[in-house]
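See below for the structure under consideration.
The values are calculated or read from the model by the stated rules, or taken from the named source; none is laboratory data. Here the structure is a predicted model, which means the values were calculated and not measured. Here Cβ is always computed from backbone atoms with ideal geometry, including for glycine, and neighbour counts include all displayed protein chains. Surface accessibility is based on the protein's heavy atoms, side chains included, excluding ligands, DNA and RNA. Shrake-Rupley method; radii C 1.70, N 1.55, O 1.52, S 1.80 Å.
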Amino acid sequence: MQVGDKVEDFTLENQDGKTVHLSDYKKSPVVLFFYPRADTPGCTIESCGFRDAFEQFQKAGIVVLGISRDTVKDQKKFKDKYGLPYDLLADPEMVLIKRYGLLVDKTMYGKPVTGVARTTYLIGPDTGKGQRLLHAFEKVTPAGHAEEVFALVKSSGALAGAAGKKG
């Protein structure tokens, strides 16, 4: 997926088993962050960073959604344990993860494994031509990532309607 491309709608369940569609948020910019596994060290750092910056995103009118291959039950447990104020979407069959090309070969503790590439997408509101990709953050470093995303949002002319709000 390239910057400017229309982002295809998707349907996943959140931590409460409620169906969520990207199009539910077509009037708002959306931060869609993919993380490898709930309640692991890097994913906890990243998710808690978005938790700690959530009020800023919310004041700017920006929706934050986290996605991993965890089950609904595991997402609920993770959300509750760390008081995450945004929805965590479950993709246990990795339908969206595969659609976005985020299933990659990695090395963990010296052994090859297949896992989810930590990646964040900034998706613009639908301006009549569909929701479009505004920016992709690849090979994300968990610490400080939420601040990095918010800094881009604030400085982006593409989000003038959202970024112009207090935040």
* Asked: So Lys81 clears everything in (1) open to solvent by 60 Å² or more (accessible area, probe 1.4 Å); (2) over 13 Å from Glu46 (Cα atoms); (3) modelled with pLDDT under 95 except one condition, right? Which one?
  -> (3)
* Structure fact -> If you go through Asp16, Asp24, the only one that is surrounded by fewer than 17 Cβ atoms within 10 Å (Cβ to Cβ), outside any loop (DSSP other than H, G, I, E, B) and out of contact with any Pro (no Cβ under 8 Å at 6 or more places or on another chain) is Asp24
* Scan of region 86-99 for residues that are within 20 Å of Ser47 (Cα to Cα) and part of a loop (DSSP other than H, G, I, E, B), ordered by number -> Tyr86, Asp91, Pro92, Met94
* Examine region 114-127 for a residue that is outside any loop (DSSP other than H, G, I, E, B) and open to solvent by 30 Å² or more (accessible area, probe 1.4 Å), and state whether such a residue exists. => yes
* **Odd one out for Asp39, checked against (1) farther than 20 Å from Gly4 by Cα; (2) open to solvent by less than 30 Å² (accessible area, probe 1.4 Å)** => (2)
* To do: Could you tell me whether Thr107 is over 17 Å from the mean Cα position of the chain (by Cα), in a strand (DSSP E or B) and at negative phi?
  => yes
* To do: Check off (1) more than 21 Å from Gln131 (Cα to Cα); (2) touching a Ser or Thr at 6+ places or on another chain (Cβ under 7 Å) for Gly49 and give me the number that stays unchecked.
  => (2)
* Starting from region 93-122, take each residue that is closer than 25 Å to Phe50 by Cα and list its partners that are exposed (fewer than 13 other Cβ atoms within 10 Å of the Cβ) and of a type in the set (S, T, N, Q), counting only C-beta distances under 9 angstrom and pairs at least six apart or across chains. => Leu103/Thr114; Val104/Thr114; Lys106/Thr114; Arg118/Thr141
* Are any residues in region 16-59 within 13 Å of Leu89 (Cα to Cα), under 14 Å from the mean Cα position of the chain (by Cα) and not aromatic (Phe, Trp, Tyr), and if so, which ones? -> Val20, His21, Leu22, Val31, Leu32, Pro36, Arg37, Ala38, Ser47
* To do: State which residue is surrounded by the fewest Cβ atoms within 10 Å (Cβ to Cβ) when the search covers only region 101-113 and only residues that are among the aliphatic types (A, V, I, L, M) and over 24 Å from Val7 (Cβ atoms).
  => Met108
* Go through the residues of region 86-95 one by one and say whether even a single one is within 13 Å of the chain's Cα centre (by Cα), more than 20 Å from Ala146 (Cβ to Cβ) and not polar (S, T, N, Q). => yes
* Structure fact -> Of the residues in region 49-64, those that are within 17 Å of Val140 (Cα to Cα) and open to solvent by less than 20 Å² (accessible area, probe 1.4 Å) number 4
* Structure fact -> Filtering region 46-77 down to residues that are part of a loop (DSSP other than H, G, I, E, B) and either free of Cβ contacts under 8 Å to residues at least 40 places away in the same chain or of a type in the set (Asp, Glu) (or both) yields Asp70, Thr71
